[in-house]
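Here's the structure we're looking at; comments come further down.
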Amino acid sequence: MNTKTQSNPRAQSPNPPQPMRGNAGASIIGPRNPAREAENRDVILSPSTDHGSLANMRWSFADSHMHLTSGGWGRQTTIRELPISPEIAGVNMRLKAGGVREMHWHQAAEWGFMLTGRARLTAVDQNGRTFQDDVGEGDIWYFAAGIPHSIQGTEGDGCEFLLVFDDGNFSEEETFLLSDWLAHTPKEVLAKNFGVPESAFAHIPEKDLWIFQADVPGPLANDRVAGAGPVPQTLSHRMMAQEPIRSSGGTVRITDSSVFPASKTIAAALVEVEPGGMREMHWHPNADEWQFYISGEARMTVFASQNNARTFNFQAGDVGTVPFAMGHYVENIGDTTLRFLEIFRSDYYADVSLSQWLAFTPHELVRAHLQIDEAVLDKIPARKTPVVKSIANGQ
Ligand code: MN
Ligand code: MN
């Protein structure tokens, strides 16, 4: 099923590519950005099937503003960076060992995925029930809108993670911070509120902390606070402990509220595609797709009806998006395993497979559309596309 080198002119093109296909196009002779062009081979030399004026659906965190502090950094990809994505915003954050993303809450729900290293999470719900956990690579967490929480890098080199919010307008710079609120409340009110002398607040920060350096936390057991008991549903989940759906070209792990009940507004899939493989042609019947690329190289073509299709390239640290119901595939065009996250603002994961649709429709009808030989059509149920999944939620 490796069609990479058979039909794709990109495979034979120079690197960085030139916009030349047969007699069409010509070399670039003006100013060039060879590194950027090499990252965008299927944009410079787009498939001849691309057409129309679809909006941009790719952003790289490498193009996002970096907010640096003593304890680490953060950068974000929101509707301001990627206007086509109103449902989801993303934040990439690094915390040094002991670095704290300060105690805070926000109007959007937060879904986190640990990329590397370890962190300690804390949260308290509206009934005073508590959550503390240490998370590592491949672990996820979910804090519902309005629920206060914190994240702190632990021993070693701290951590780096991806945060996803169920609102494209979210801004990491506009969260409700503990230090910010106290700095903007009269000290006599603080004294009255907590029932302690005003002098107790003589040294609170005058300005918000956001991310700051603190001591590396000790063992998790020492940080256990009973409060009103534990939260009824855990707010963390070991995604890599899930047995993946395996197919010929890779694996998929799907985490939605059916296996991680706390995650009420975000469904996710971690997809691994081997070289030459492809996440098959499909679409999603419930939400926009927001992607984060962890490793490898990919190309994706988005089909938007009315003759519109546009192809994009992706690599580690890139964000992709597919508006609701638009058809797409994701192909591994590199030599290493492609790993990426598919994120949806939904409590359940769902997709519709093109091959399954054709296989389960009367073949006479399909043939009348596509003029494909029955012998070929018969093979479609075999699903030669390497990465597939069954339809979720009993459909
Ligand atoms: Mn948060
Ligand atoms: Mn998809």
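The values are calculated or read from the model by the stated rules, or taken from the named source; none is laboratory data. The model shown is predicted, which means the values in this text are computed figures rather than measured ones. Positions of Cβ are generated from backbone atoms using ideal geometry, with glycine treated the same way; all protein chains shown enter the neighbour counts. Only protein heavy atoms, including side chains, enter the accessible area calculation; ligands, DNA and RNA are left aside. Shrake-Rupley method; radii C 1.70, N 1.55, O 1.52, S 1.80 Å.
Couple of notes before you dig in:
- For the residues Gly30, Gly98, Gly22, the requirement of being open to solvent by less than 20 Å² (accessible area, probe 1.4 Å), more than 24 Å from the chain's Cα centre (by Cα) and not charged (D, E, K, R) singles out Gly98.
- Criterion (open to solvent by 10 Å² or more (accessible area, probe 1.4 Å), of a type in the set (Phe, Trp, Tyr) and in contact (Cβ under 8 Å) with a residue 60 or more places away in the chain) met by exactly one of Trp141, Trp73: Trp73
- Some residue of region 187-194 being over 22 Å from Thr255 (Cα atoms), among the basic types (Lys, Arg), in a loop (DSSP other than H, G, I, E, B) and more than 16 Å from ligand 2 (Cβ to nearest atom): no
- Single residue of region 335-366 satisfying the filter (more than 27 Å from Phe314 (Cα to Cα) and crowded, with 16+ Cβ neighbours inside 10 Å) that is farthest from ligand 2 (Cβ to nearest atom): Val366
- Restricting attention to region 263-278, the residues that are within 18 Å of the chain's Cα centre (by Cα) and open to solvent by 10 Å² or more (accessible area, probe 1.4 Å) add up to 3.
- Among the residues of region 305-328, those that are touching an Asp or Glu at 6+ places or on another chain (Cβ under 8 Å) and either away from ligand 2 (no atom under 15 Å from the Cβ) or farther than 12 Å from Glu289 by Cα (or both) comprise Ala309, Arg310, Thr311, Phe312, Asn313, Phe314, Gln315.
- Test: Asp167 is within 16 Å of ligand 1 (Cβ to nearest atom) and more than 21 Å from Phe113 (Cβ to Cβ): no
- Cβ-Cβ contacts under 7 Å between residues 6 or more apart (or on different chains), taken from a first residue in region 104-117 that is free of Cβ contacts under 8 Å to residues at least 60 places away in the same chain to a second residue that is more than 16 Å from ligand 2 (Cβ to nearest atom) and charged (D, E, K, R), are listed as Met114/Glu137; Met114/Asp139; Thr116/Glu137; Thr116/Glu160; Gly117/Asp157; Gly117/Glu160.
- With respect to the conditions (1) without any contact (Cβ under 8 Å) to a residue 24 or more places away in the chain; (2) under 21 Å from Arg75 (Cβ atoms), Gln291 falls short on a single one, namely (1).
- Qualifying residue in region 337-346 (condition: modelled with pLDDT of 90 or more, closer than 22 Å to Val271 by Cβ and either more than 23 Å from the chain's Cα centre (by Cα) or assigned by TED's automatic domain parsing to the domain that holds Val164 (or both)): no
- Taking region 54-125 as the region of interest, the strands (runs of 3 or more DSSP E) fully inside it that hold 3 or more residues being touching a Cys at 6+ places or on another chain (Cβ under 9 Å) are 89-95, 110-117.
Conditions tested, residue by residue: (1) closer than 22 Å to Ala298 by Cα; (2) crowded, with 21+ Cβ neighbours inside 10 Å.
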residue: Leu68; (1), (2): no, no
residue: Thr77; (1), (2): yes, yes
residue: Ala89; (1), (2): yes, yes
residue: Met93; (1), (2): no, yes
residue: Ala108; (1), (2): no, yes
residue: Phe113; (1), (2): yes, yes
residue: Ala119; (1), (2): no, yes
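- Residue check for Glu155: modelled with pLDDT under 95, over 19 Å from the mean Cα position of the chain (by Cα) and more than 15 Å from ligand 1 (Cβ to nearest atom): yes
- Lone unmet requirement of (1) part of a strand (DSSP E or B); (2) open to solvent by less than 20 Å² (accessible area, probe 1.4 Å); (3) of a type outside the set (A, V, I, L, M); (4) in contact with a Lys or Arg (Cβ under 7 Å, 6 or more places away or on another chain) for Tyr329: (2)
- Condition met for Ala269 (assigned to a loop (DSSP other than H, G, I, E, B) and either within 15 Å of ligand 2 (Cβ to nearest atom) or of a type in the set (Gly, Ala, Ser) (or both)): no
- Test for Glu81: is it more than 16 Å from ligand 2 (Cβ to nearest atom), among the acidic types (Asp, Glu), more than 28 Å from Asp125 (Cα to Cα) and in the same structural domain as Ile140 (by TED's automatic domain parsing): yes
- If only residues of region 279-326 that are aliphatic (A, V, I, L, M) and open to solvent by less than 10 Å² (accessible area, probe 1.4 Å) are counted, the one that is farthest from the chain's Cα centre (by Cα) is Val302.
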